[in-house]
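First comes the structure, then the notes that go with it.
Derivation of every value follows stated rules applied to the coordinates shown; laboratory data play no part. This structure is a prediction, so every number in the text was calculated from the model and none was measured. Backbone-built Cβ (ideal geometry, glycine too); neighbour counts: all protein chains shown.
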Amino acid sequence: MGNLISITDKYISPKVLPTEYSSCWIKWKKGVTFDKIILRYEADIDIHRLFNIDDKVFDSKDKWSGKITIPKNVIQVDGFFGFTSYYTEIPADERKISYAVDIVSGNNVQTIHFENVVTRPMLEVVKATPDHIQISKCSSHVEPFSMKMKNIGNAALHNLSYFIEFTTTDKLTVELTTETDPKSKEITLKPEQMTAQKLTIKGKGNGLIRMGAEYYDDYNAKYEDIFKEIPIIVEEEELQTVPISEQIEKQETELLTIPN
């Protein structure tokens with residue numbers, strides 16, 4: 001059997017950020033008889049609005065789970081169906097999202113497929129030091145912490161800040177310190193920041209330092225990523241300080257633009 005409807009136009013937003021509304025619609029020649037439309041969609045998608053559909057369809061929204069059934073008699077404009085949706089999670093990378101619209105008449109079904117992309121800002125480490133920290137009688141010098149990054153994604157990022165986490169054995173402590181704030185968990189990244197930061201390593205034992213970044217996209221979705229893990233081995237008990245390089249504090253504006 002041939003198609004139930006003759007499509008004259010269709011559209012879906014080609015690329016969107018998480019929480020950004022994606023619009024999708026179909027137009028067909030008026031006067032077609034069918035029973036219902038079924039909209040099928042992936043997990044982590046929220047259907048925000050159905051265009052020109054009687055509001056009573058939304059009475060059962062709490063039961064929607066990847067599928068919405070829309071009887072023809074609640075479609076208010078003949079020859080048109082559309083919806084807006086958004087992706088509710090933060091993907092680790094760009095990912096394709098698919099939708100299907102079934103036009104149903106008895107046992108006959110015509111399916112129209114749609115696909116778009118959820119994108120995001122994506123930071124990549126260009127260079128970071130040190131790779132590890134080992135303190136012993138033979139080697140006590142530790143390279144300053146530095147990190148150079150670039151945005152390799154297709155979306156701008158905003159309000160970039162760095163953070164640092166420590167995991168150590170009982171006899172080893174690691175702290176991020178400044179002259180004004182003895183203990184901190186966030187590497188400052190502000191133009192007015194004049195006080196140098198440093199890591200203070202006390203005691204003896206093993207541990208792990210994780211360096212990451214927090215930032216936002218144009219729709220204020222929050223991203224948190226770990227970019228560098230640095231193992232610590234302290235063989236001789238002592239107090240060691242490691243400076244945080246200014247390279248980290250001076251590159252915020254470089255990361256705000258979308259790369260070519």
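Place +1 on the Cβ of every Lys and Arg and -1 on the Cβ of every Asp and Glu in the stretch 30-180, take the dipole about the Cα centre, and give the residue among Ile90, Val118, His158 whose Cα lies farthest towards its positive end.
Highest projection toward the positive end goes to Val118.
Using the Cα gyration tensor of the chain, with a ≥ b ≥ c the square roots of its eigenvalues, what is the shape: rounded (a/c below 1.5), prolate (a/b larger than b/c) or oblate (neither)?
prolate
Counting pairs of alpha carbon atoms under 8 Å apart in space and at least six apart in sequence, what relative contact order in percent does the chain give?
18
Looking at the stretch 77-165, which trypsin sites (Lys or Arg not before Pro) are DSSP coil and have at most 16 other C-beta atoms within 10 Å of their C-beta?
Values: sites: Arg95, Lys96, Lys127, Lys137, Lys148, Lys150; in loops: Lys137.
Of the trypsin sites (Lys or Arg not before Pro), the ones in loops of the stretch 77-165 whose Cβ has at most 16 other Cβ atoms within 10 Å are Lys137.
Assign unit charges at the C-beta atoms only (+1 for Lys and Arg, -1 for Asp and Glu), then state the dipole size of the stretch 95-158 relative to its Cα centre in Debye, rounded to the nearest 20.
Values: 7 positive and 5 negative charges, 53 e Å.
Approximately 260 debye in magnitude.
So what J values fall out for the stretch 25-34 if you push phi through Karplus, 6.51 cos²θ - 1.76 cosθ + 1.60 with θ = phi - 60°, rounded to Hz, Gly and Pro as x?
Running phi through 6.51 cos²θ - 1.76 cosθ + 1.60 with θ = phi - 60° gives 7, 10, 10, 9, 5, 5, x, 7, 9, 8 Hz.
Short version: ³J(HN,Hα) in whole Hz for each residue of the stretch 226-240, in order, from phi by Karplus 6.51 cos²θ - 1.76 cosθ + 1.60 (θ = phi - 60°), x for Gly and Pro, what are they?
So the J values, rounded to whole Hz, are 8, 10, 8, 10, 10, x, 10, 10, 10, 8, 10, 5, 6, 9, 10.
Per 0.36 nm of contour for each residue apart, how much would the distance between Thr200 and Lys171 grow if the chain were fully extended, relative to their Cα-Cα spacing?
9.0 nm
Please identify which residues in the stretch 133-156 have an amide N closer than 14 Å to a label point set 7 Å out from the Cα of Val117, following the Cα→Cβ vector.
152-156
Quick one: in the stretch 122-181, what % of C-alpha pairs are over 19 Å apart?
52
So what is the relative contact order of the stretch 110-174, in percent, for Cα pairs below 8 Å that sit 6 or more residues apart?
35
Taking 20 Å as the cut-off for C-alpha to C-alpha distance, list the pairs among Lys63/Lys96; Lys148/Lys228; Lys61/Lys222; Lys198/Lys228; Lys15/Lys72 that go past it.
Pairs exceeding the cut-off: Lys63/Lys96; Lys61/Lys222; Lys15/Lys72.
Calculate one ³J(HN,Hα) per residue across the stretch 141-153 by plugging θ = phi - 60° into the Karplus curve 6.51 cos²θ - 1.76 cosθ + 1.60, and present them in order as whole Hz with x for glycine and proline.
6, 10, 4, x, 6, 8, 8, 10, 9, 9, 8, 9, x
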